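Before any comments, here is the structure.
Laboratory data are not the source of any read-out in this text; all were calculated from the coordinates shown. Not measured: the values here are computed from a predicted model. Here the Cβ positions follow ideal geometry from the backbone for every residue, glycine too, while neighbour counts run over all protein chains shown.
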Amino acid sequence: MKDFAGKVAVVTGGASGIGRSLVKELLAAGAKVVIGDVEQKALDRVLDEFSGAGEVIGVVTDVSKADSVNALAEKVYDTFGACHLLFNNAGVAAPSANVWETTENDWKWVHGVNVLGVVHGIQAFVPRMIAAGEEGHVINTSSGDGGISPLPYQSVYASSKAAVSCISECLAAQLQSEGTKLAASVFYPSGGLLDTGIWTTDRNRPKELAREKPTAPVPTVQDFKVAAEKAGWDLHFQDLDELARYCLQGVREQRFVIMIRVEEAEATLLDRAARIGRCEIPIDQADIPQL
């Protein structure tokens, strides 16, 4: 799909962060955009921000709930009669911890949003997209932290993103083998550190999935910046609008993997493969920081 003008795009988690930038760039490319987001206030803000930028509507959506995503799909098809671009982008994270110190609710919440959210999006939209017989594309947001190599203390988040990568690979192969006009990509936000809402996702954590054990306060991105400055680190933050444009170009070029400096991932994966071939832990123990 080279031209997005007049096409209908759905972006989950589209009211902030990478999702917001995807919405911005899709509208600039002439697409009609439906934003699905769990935060009503954030949704209202982004709809107001882009009110003059093109056709855009918002639907409060909890991607962890199949009924909520099905309602989103119904709204999309009732309003626009089609979906050509599906961005399964919503995501959350849990506090860093050893696996034995994570809690059941950490896993239920993060995997409910990050993994089931993608599955629900695929199940609600892809059958309709196939039936329409039009060209379409599904883009699933994963992460290098799991999709390429996990951060040792992010077992909950990293495992969810590894699952998204695997689901995306299976989906892409199946869409091809079934002879559909759809394609799929896995999107790895990359290029530098990302100033997004993933640092503060606890704001949306349901009470019924509250963490069962106390944990140290999760640092905000500003906390991280201050600590890095004191330590003399030279941080590079990736511009989110630029990242969104890169993602859309990857869709135009029909790339399965959409990742800035993907060659670095290749080197990481080759090293991991060599370690696995030697029956070693794929993560270099020297790279594991102390909590």
HN-Hα J in Hz across region 177-190 - Karplus 6.51, -1.76, 1.60, θ = phi - 60°, x for Gly and Pro: 5, 7, x, 7, 9, 9, 10, 9, 9, 10, 9, 9, x, 7
Rounded to the nearest Å, the spacing of the alpha-carbon centers of region 84-101 and region 199-268 is 11
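What is the Rg over Rh value, at two decimals, for region 15-163, using alpha-carbon atoms and the Kirkwood definition of Rh?
Ratio value, two decimals: 1.00.
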Using just the helices of the chain, give the 222 nm mean residue ellipticity in deg cm²/dmol: DSSP H runs with n ≥ 4 each add -39,500 (n - 2.57), and the total is spread over all residues, rounded to 500. -14500 deg cm²/dmol
Take the chain, compute every pairwise Cα distance, and split them into 10 Å bins from 0; I just need the percent in each bin. 6, 28, 36, 22, 7, 1
To the nearest 20 Debye, how big is the dipole of region 79-209 about its Cα centre, given +1 on the beta carbon of each Lys and Arg and -1 on that of each Asp and Glu? 200
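Let me check I've understood the local charge: for Glu134, count other residues with C-beta under 12 angstrom from its C-beta, Lys and Arg +1, Asp and Glu -1. What total comes out?
Numbers: positive: Lys7, Arg128, Lys181; negative: Glu135.
Here the count lands on +2.
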Nearest 10, in degrees from 0 to 90: the angle of helix 40-49 to the longest Cα principal axis of the chain is 60
Work out the length of the dipole vector of the chain about its Cα centre, built from +1 on the beta-carbon of each Lys and Arg and -1 on the beta-carbon of each Asp and Glu, and round it to the nearest 20 debye. 300
Per residue of region 229-241, in order, report the coupling 6.51 cos²θ - 1.76 cosθ + 1.60 (Karplus, θ = phi - 60°) as ³J(HN,Hα) in whole Hz, putting x for Gly and Pro. 5, 5, 7, x, 7, 9, 8, 10, 9, 6, 5, 6, 5
How big is region 3-76 by the Kirkwood estimate over distinct Cα pairs, in Å? 12.0
